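In what follows, a single structure is set out as structure tokens and then discussed.
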Amino acid sequence: MTTAFLNTDALPYCKGCGHDLIARNTTKALDKLNYDPLDVIMVTDIGCHGIIDKCLNTHTVHGLHGRSVALGAGISFSNPDPNKKIVVFIGDGGTTIGLQHIMEAARLNLNMTVVVHNNYLYGMTGGQTSGLTPYGFNTTTSAEGNPFSGYDLCALTHAAGAAYTGRIMGIGDISDKLAEVISVKGFSLIEVLEICPSYGVKLNPRRKLQEIVEKSGKPLGDWTREREPFEAHQGRKADDLLSRLPIVKKMFNSYLKKPLSLVVSGSAGEGVQLAAGLISKAALISGLHVTQKGSYPVTVGVGFSTAEINLSNEHIHFHGINVPDMAIITSADGLAHNRKKIEAMKEGMLIIDSSLNAPQTGAKVIQHDFRALGARNAAIFSVFFFALKTGIISTEAIFKVIENEGKADKLPLAKIKEALVSV
Amino acid sequence: MPNNSKGKRTLVDASRLIIESMARAGADAFIGYPITPANLLYQYGSQRMPLMLAAPDEITTLQWMAGLAAAGKVPITATSFPGYALMIESINMAYMMELPMVIILVQRLGPATGTATCGAQGDLSLLRGNISGGHPLPVFSTSSFADCWTLSAKAVKTAIELRTPVVLLTSKEEVMTTKSFDLATLPEIEPVERKYYDLKCDGKYKSYKATDLVPDFLPVTQSNHQVRINASTHDKEGILQHSNDEAMANTQRLEDKIRQKLYDYIEYEYHESKEAEKLVVSFGITAAAAKDAIKELEQQGEKVSLLIPKTLVPAPEVYIEIMESYKTVVVAEENINNQFSEMLYGIRKPENHRFVGSLGKMITPQQIIEEVQA
Ligand SMILES: Cc1ncc(C[n+]2csc(CCOP(=O)(O)OP(=O)(O)O)c2C)c(N)n1
Ligand code: SF4
Ligand SMILES: [Mg+2]
């Protein structure tokens with residue numbers, strides 16, 4: 001007999017398989033709830049239970065082993081019309097490999113129902129032990145009984161935040177129970193217990209489901225949680241990522257003759273990236289082409305902080321810097337990180353804090369006490385110093401950038417100006 | 001560009017260009033999992049995409065994307081090799097299901113976790129072979145900020161029009177670098193028009209029936225026609241089959257779809273220098289060094305042509321045709337095994353081919369010049 005949901009009476013399972021009962025009762029439950037088959041999206045996992053697709057009149061989505069809950073979650077995130085229903089079929093094996101997906105869907109309380117076909121083993125691949133196999137249960141890979149007990153899936157799912165979690169035995173008419181579970185708003189998961197006749201029954205002769213369930217220590221029952229179903233709170237969005245970028249005009253002159261590569265380096269927390277950004281932005285309003293990238297240890301708050309800058313009158317293609325034309329070093333961390341590069345410099349300029357010993361280098365060495373205005377200001381100070389010494393950008397251009405960005409009162413500009421007088 | 005051009009000059013990083021371009025083309029969801037050097041893309045994606053979701057891992061990322069795509073969205077994500085490795089089975093799934101999505105793969109130094117903050121070009125071999133069966137997964141490689149704009153939109157367009165996951169291949173050196181850029185040079189991006197199965201059509205809709213290689217799409221969230229999406233071997237209806245003729249024809253179609261249709265999506269730059277006997281071939285981040293090298297060689301009076309392949313997988317024959325017309329070919333890519341040439345020629349490269357490689361360092365224009373002049 002076919003039904004509104006099933007296009008055949010011959011379901012594709014071995015004789016006596018509990019999956020048959022679950023499929024019939026799930027579709028019966030959907031029927032009872034008056035769902036139109038095309039308002040139901042059935043997502044099935046890889047495993048014996050997953051070969052049901054072809055028998056269903058619903059939409060069917062058949063993905064990977066263990067991932068069906070995440071795949072169904074993706075559909076749920078699309079926020080379909082509330083009269084749509086997403087039902088996921090998954091086994092104990094799929095649950096084991098994809099447990100994270102269940103926890104996540106429960107945590108977010110996504111609108112969907114998961115029906116776990118727990119036959120205590122991997123049926124499709126030949127009856128191996130899964131993460132839900134109970135202690136003492138025989139499988140093809142634990143002939144003397146599983147030495148471990150299985151996960152308490154319901155306890156985990158409930159703890160993760162599911163609106164509904166339940167465990168029942170796959171015996172008799174369970175369609176009313178399934179209808180109740182399917183009607184839950186938010187995430188509902190029901191673990192249906194069964195024994196696979198082909199492996200489970202054979203390897204555990206004379207053991208009844210009832211007894212196995214009792215010994216497993218995982219109680220039957222319902223666990224509910226009053227919770228609103230998922231809503232995708234998205235916060236404020238930009239409607240264009242480019243429209244707020246400051247468009248600049250050339251306002252200052254630069255005395256740059258040929259392309260310049262520059263390394264600015266100091267210690268984390270001492271404003272190196274900010275200072276390097278000032279050079280780049282000042283160069284931009286001085287009509288130059290610029291590239292800038294940062295380099296720092298993975299733990300961004302300690303150790304060195306380096307910025308690499310290229311300046312040119314022409315479009316810059318290659319932006320790598322092997323040996324820089326100039327280096328600005330404001331701390332021992334910065335020096336250590338760039339020592340080799342500085343030693344390789346055959347010409348150019350090294351601007352370095354006077355507390356440091358300049359390495360052997362072909363570059364012209366200029367020392368200055370950048371840390372005099374405090375460690376936090378060392379890099380900023382060095383940038384003004386660089387401008388004054390080289391004329392590549394003007395100090396006015398840097399002040400303009402600071403003013404444009406409204407950072408004037410956050411930086412000790414008066415002190416810097418005063419210190420620059422003596423340079 | 002003259003210094004005082006009237007353009008819209010600003011400082012911008014490539015991550016921003018990529019995300020904005022994809023959004024304009026029609027991408028509407030960003031699913032993220034943090035990984036250096038793709039984090040800026042994640043940040044911008046969350047600011048710009050109508051839907052942003054923080055996945056708990058990269059397998060979930062791809063599964064959520066597939067679910068969204070089955071419901072009619074155009075999701076994107078950004079990752080680097082470690083995350084990409086986790087995605088591969090699910091990318092195969094989306095490929096088999098024929099779901100549109102874009103994965104931005106930011107290359108960093110491997111193997112494994114390697115060096116998160118060091119650029120590289122080591123993932124091409126993987127991308128060429130990451131679909132079981134050897135079927136081609138479209139891969140576009142950006143080699144400039146301009147590409148980050150145009151190719152990103154192209155990746156979205158390809159994903160939608162060919163119903164397939166697409167990889168946009170970039171590198172740490174591109175997406176984490178800020179440059180002065182004239183926004184006025186960016187061409188307009190038209191949103192990709194989505195075509196659906198005509199709901200008024202009589203008869204039964206079959207999810208994988210294709211008149212011109214690409215099946216008509218319908219989301220699983222409509223209720224006019226039954227949709228069957230399947231990652232296992234399936235027939236036109238989307239029903240699982242072992243290996244019957246109809247199912248094999250369907251799998252064959254997946255291969256043909258990309259190979260034949262991608263001819264409309266081939267992107268490359270060819271700077272042909274008349275009378276040149278030497279050709280430099282370079283893609284991705286190294287193409288910038290190649291451009292400088294060519295310019296420098298020109299200034300020294302040496303004529304050299306330049307080929308920048310951008311559609312990397314499947315590689316069009318035109319690359320070989322161009323390469324075959326030169327006496328000397330120098331291929332530069334930031335790995336130590338010349339993955340581009342291996343993809344084209346296997347283990348025996350033509351004798352007139354030279355290779356400039358590098359490990360953990362950007363290839364410099366000077367290195368390319370030396371090999372050209374060697
Ligand atoms: C990633 C991956 N690993 C392994 C498999 C092999 N596999 C197919 S079905 C299955 C077990 C299914 O067991 P379960 O989920 O309990 O379903 P059942 O067959 O018992 O209904 C496995 C391990 C696979 N398809 N994919
Ligand atoms: S092998 Fe077991 S689980 Fe699979 S169909 Fe047969 S009885 Fe059911
Ligand atoms: Mg099982």
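Since every read-out is calculated from the coordinates, none of them should be taken as a lab result. On a predicted model such as this, the values are computed, not experimentally measured, just so you know. Because the Cβ atoms are built from the backbone with ideal geometry, glycine has one as well, and the counts that use them run over all protein chains shown.
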Quiz item: If you take every DSSP beta bridge whose two residues both sit in the protein assembly as shown, what share of them, in percent to the nearest 5, is antiparallel?
Solution: 35
Quiz item: If you wrap a convex hull around the C-alpha atoms of chain A and split its volume per residue, what is the figure in Å³?
Solution: 217
Quiz prompt | Ordering of A:230-240, A:109-119 by burial proxy (mean other Cβ atoms within 10 Å per residue, highest first) | solution = A:109-119, A:230-240
Exercise. Above 19 angstrom, tally the Cα pairs of the stretch B:9-185 and express them as a % of all pairs, no decimals.
Key: 51
Quiz item: Which percent, nearest 5, of DSSP beta bridges in the stretch A:18-224 are antiparallel?
Solution: 20
Quiz item: Per residue of A:311-321, how many C-beta atoms from partner chains lie within 10 Å of its own C-beta, taken as a mean?
Solution: 6
Quiz item: Which whole number gives the average, over all residues in A:79-85, of C-beta atoms from other chains lying within 10 Å of the residue C-beta?
Solution: 3
Quiz item: Counting DSSP beta bridges with both partners in the stretch B:98-169, what percentage is antiparallel, nearest 5?
Solution: 10
Exercise. Kindly put A:S382, A:S422, A:S394 in sequence by how many other C-beta atoms sit within 10 Å of each C-beta, fewest to most.
Key: A:S422, A:S394, A:S382
Quiz item: Quick one: Kirkwood hydrodynamic radius for the stretch B:269-373, alpha-carbon pairs, angstrom, one decimal?
Solution: 13.5
Self-check item: Packing-based ranking, highest mean first, of A:321-329, B:242-250 given that Cβ atoms within 10 Å are counted
Solution: A:321-329, B:242-250
Quiz item: What list do you get for A:T306, A:T2, A:T291, A:T390 if you sort them by fewest beta carbons within 10 Å?
Solution: A:T2, A:T390, A:T306, A:T291
Quiz item: Percentage of Cα-Cα pair distances in the stretch A:56-159 greater than 19 Å, rounded to whole percent?
Solution: 46
Self-check item: Rh by Kirkwood over Cα pairs, then Stokes-Einstein D for the stretch A:148-236 at 0.692 mPa s and 37 °C, µm²/s
Solution: 220
Self-check item: Volume per residue that the Cα convex hull of the stretch A:80-121 spans, once the total is divided by residue count, Å³
Solution: 63
Practice problem: Just check chain B against the gyration tensor rule for me: Cα atoms, a ≥ b ≥ c as the square roots of the eigenvalues, rounded for a/c under 1.5, and otherwise prolate or oblate depending on whether a/b exceeds b/c. | Solution: prolate
Exercise. Sort the following peptides by mean Cβ neighbour count (other Cβ atoms within 10 Å, averaged over residues), highest first: B:63-75, A:82-94.
Key: B:63-75, A:82-94
Quiz prompt | Fewest-first sequence of A:I41, A:I247 by Cβ atoms within 10 Å of each Cβ | solution = A:I247, A:I41
Quiz prompt | Whole-angstrom gap from the stretch A:327-371 to the stretch A:211-228, using each part's C-alpha centre | solution = 68
Practice problem: Using just the alpha carbons, could you tell me how many Å³ per residue the convex hull of the protein assembly as shown encloses? | Solution: 188
Practice problem: Enter the mean number of other protein chain beta carbons within 10 Å of the beta carbon of each residue in A:64-70, as an integer. | Solution: 6
Quiz item: With the dipole of chain B worked out from charges on the C-beta (+1 for Lys and Arg, -1 for Asp and Glu) around the Cα centre, which of B:I19, B:I347, B:F81 lies farthest toward the positive end?
Solution: B:I19
